[in-house]
1. Residues that are loosely packed, with under 15 Cβ neighbours inside 10 Å: which strands (runs of 3 or more DSSP E) entirely in region 46-138 hold 2 or more of them?
2. May I ask you to verify whether residue 42 is modelled with pLDDT of 80 or more and within 34 Å of the chain's Cα centre (by Cα)?
3. Give me a count of the residues in region 98-123 that are touching a helix residue (DSSP H, G or I) at 6+ places or on another chain (Cβ under 8 Å) and under 17 Å from residue 140 (Cβ atoms).
4. Restricting region 139-156 to residues that are under 19 Å from residue 88 (Cα atoms) and part of a loop (DSSP other than H, G, I, E, B), which is modelled with the lowest pLDDT?
5. Can you tell me which of 110, 28, 104, 81 is outside the structural domain of residue 136 (by TED's automatic domain parsing) and either at pLDDT 90 or above or at negative phi (or both)?
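The values are calculated or read from the model by the stated rules, or taken from the named source; none is laboratory data. In this text, all values refer to a predicted model and were calculated from it rather than measured experimentally. Virtual Cβ from ideal backbone geometry, glycine too; neighbours counted across all protein chains shown.
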């Protein structure tokens with residue numbers, strides 16, 4: 001019986017050009033993988049801040065007081081606030097600077113220590129009632145770029 005798969009000494013498995021291209025491609029891929037790994041050690045991932053509020057309710061107002069801030073230094077000029085009423089209508093869409101100490105559409109923000117940042121015990125006040133704000137009103141606090149939401153609070 002004759003072997004049809006026998007190797008001949010005058011044949012090459014892969015041409016030298018293709019072998020060189022494969023070696024260069026493998027080297028480039030390994031370099032890219034190592035670059036991405038090294039970059040992840042050098043550049044820290046972006047942090048998302050969290051601002052926590054506690055709600056106090058009186059006969060006339062809802063007060064949302066800052067009780068903790070984690071992972072951010074939130075300057076009033078760089079914070080964007082939206083207040084959406086229970087019907088889904090946006091009543092306020094502005095920076096905290098515009099709300100600081102001033103009633104706008106029956107809502108205000110008070111920077112207690114007047115440092116230009118959100119800190120404990122700063123607070124929001126929303127006037128309470130059917131003609132103002134009621135249960136299920138949402139307050140959304142984010143950065144100006146809209147890339148990071150610090151807090152979403154629903155009046156209960």
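1. 50-57, 61-70, 90-95
2. On the way: modelled with pLDDT of 80 or more: no; within 34 Å of the chain's Cα centre (by Cα): yes.
Taking the combined requirement at face value, the residue does not satisfy it.
3. Our first condition is that a residue be touching a helix residue (DSSP H, G or I) at 6+ places or on another chain (Cβ under 8 Å); within region 98-123, this holds for 100, 104, 107-109, 111, 116-118.
Within this subset, residues satisfying the condition of being under 17 Å from residue 140 (Cβ atoms) are 104, 107-109, 118.
Here the count works out to 5.
4. If we filter region 139-156 for residues that are under 19 Å from residue 88 (Cα atoms), which is where we start, we get 139-142, 149, 151-156.
If we keep only those that are part of a loop (DSSP other than H, G, I, E, B) as well, we get 155-156.
Details: 155: 87, 156: 79.
Only one residue tops the list, namely 156.
5. Unique residue meeting the criteria: 28.
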